[in-house]
Amino acid sequence: MSAPGSVTVRVPAKVNVQLAVGAARPDGFHDLANVFLAVSLYDEVTATPAAGLTITCEGPDADKVPLDRTNLAARAAELLAARHGVSPDVHLHIRKDIPVAGGMAGGSADGAGALLACDALWGLDTPREVLLEICAELGSDVPFSLVGGAALGTGRGERLTELPVGGGFHWVFAAADGGLSTPAVYGEFDRLTEGVEVPEPAASPLLLDALRTGDTTALAAALANDLQAAALSLRPSLAATLAAGTDAGALAALVSGSGPTTAFLVKDAETAAAVAAALTASGTCRTARTATSPAPGATVL
């Protein structure tokens, strides 16, 4: 909970249950049909009054989190302050539990968390649509970190349409050693698709229906990630992790976003625990975590 004089916001990780990627645009981005699902792995961002803008971080891989103005949490505070003509005098403390550089939008989550925490701390009462505009300025995944639940992201992923979800889903997430650079994965996607006509990205009706009805088996059959081949090209060892999870009983497996975290959809909590144990024992990943979805977006505690 927030200490006196501070505000703490909890914000979820995401998995892309579908990531359809179009050809590179002239601005270097790609049009996407990106079906986000928020999952119950969370970072917490605490905003406390300070004489200037500072950041600290604790938790797994905290040493890999930048503590300067390149951190999306810092940029969020600066953009919000600039919108309102105030000084970004705040200390931001990030408590990490989302894998770092893992394709689960941990940095984006911290940006959304800091934005909401600073808005509450400074008593700004910024309209939600303005917060979402600032999120989109911060990065493609940041708006969804604010919204949570399930949503279809179009454009470069920042234009959201919230989606109905008819039930809960159980997941296992396996963290790899080291990260993967999102720009590098998109660059490899461009290399692999050079000379190939890349179709316009579109959300799968079967996948959207599986979410709406809460049908785990149908969702497993519809999971898709157009960046998976690129991630596997850059990190071939991920194939062994995917195989270990499916061999252990997962209904489906895929690389989460740009990777290198791999995601396994399972039928229930008991199977999730068994698959996580098997993945940990397989030696193909660093850690394996269970989670459920959908999860709420950024929330003041």
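The values are calculated or read from the model by the stated rules, or taken from the named source; none is laboratory data. Keep in mind that this is a model prediction, so the values were computed, not measured. Positions of Cβ are backbone-derived with ideal geometry, glycine not excepted, and every protein chain shown enters the neighbour counts.
Let's see how each residue does on (1) of a type in the set (Val, Ile, Thr); (2) part of a helix (DSSP H, G or I):
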| residue | (1), (2) |
| --- | --- |
| ARG83 | no, yes |
| SER87 | no, no |
| VAL100 | yes, no |
| MET104 | no, no |
| SER108 | no, yes |
| LEU115 | no, yes |
| ASP125 | no, no |
| GLU133 | no, yes |
| LEU146 | no, yes |
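With respect to LEU138, is the statement that it is out of contact with any Lys or Arg (no Cβ under 9 Å at 6 or more places or on another chain) and outside the structural domain of ALA272 (by TED's automatic domain parsing) true?
For LEU138, the condition - out of contact with any Lys or Arg (no Cβ under 9 Å at 6 or more places or on another chain) and outside the structural domain of ALA272 (by TED's automatic domain parsing) - is not met.
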For region 242-261, which positions are outside any loop (DSSP other than H, G, I, E, B), in contact (Cβ under 8 Å) with a residue 60 or more places away in the chain and touching a Phe, Trp or Tyr at 6+ places or on another chain (Cβ under 7 Å)?
GLY245
Any idea how many residues of region 32-56 are assigned to a strand (DSSP E or B) and over 18 Å from the mean Cα position of the chain (by Cα)?
8
Identify, please: which residue in region 236-271 is crowded, with 21+ Cβ neighbours inside 10 Å and polar (S, T, N, Q) and is, among those, farthest from the chain's Cα centre (by Cα)?
THR241
Pairs, please: C-beta under 8 Å, at least 6 apart or cross-chain, first residue more than 15 Å from PRO99 (Cα to Cα) and in region 162-188, second of a type in the set (Asp, Glu)?
GLY166/ASP215; GLY167/ASP215; HIS170/ASP268
Looking at the structure I just gave you, is GLY102 modelled with pLDDT under 95 and either in the same structural domain as ALA13 (by TED's automatic domain parsing) or among the charged types (D, E, K, R) (or both)?
yes
Within region 266-291, residues assigned to a strand (DSSP E or B) and closer than 16 Å to PRO99 by Cα come out as THR287, ALA288, ARG289, THR290, ALA291
Within region 130-166, take every residue that is among the small types (Gly, Ala, Ser) and at pLDDT 95 or above and give me the one that is farthest from HIS30 (Cα to Cα).
GLY166
Of the conditions (1) surrounded by fewer than 16 Cβ atoms within 10 Å (Cβ to Cβ); (2) modelled with pLDDT under 95; (3) outside any helix (DSSP H, G or I), LEU180 clears all except one; give me its number.
(1)
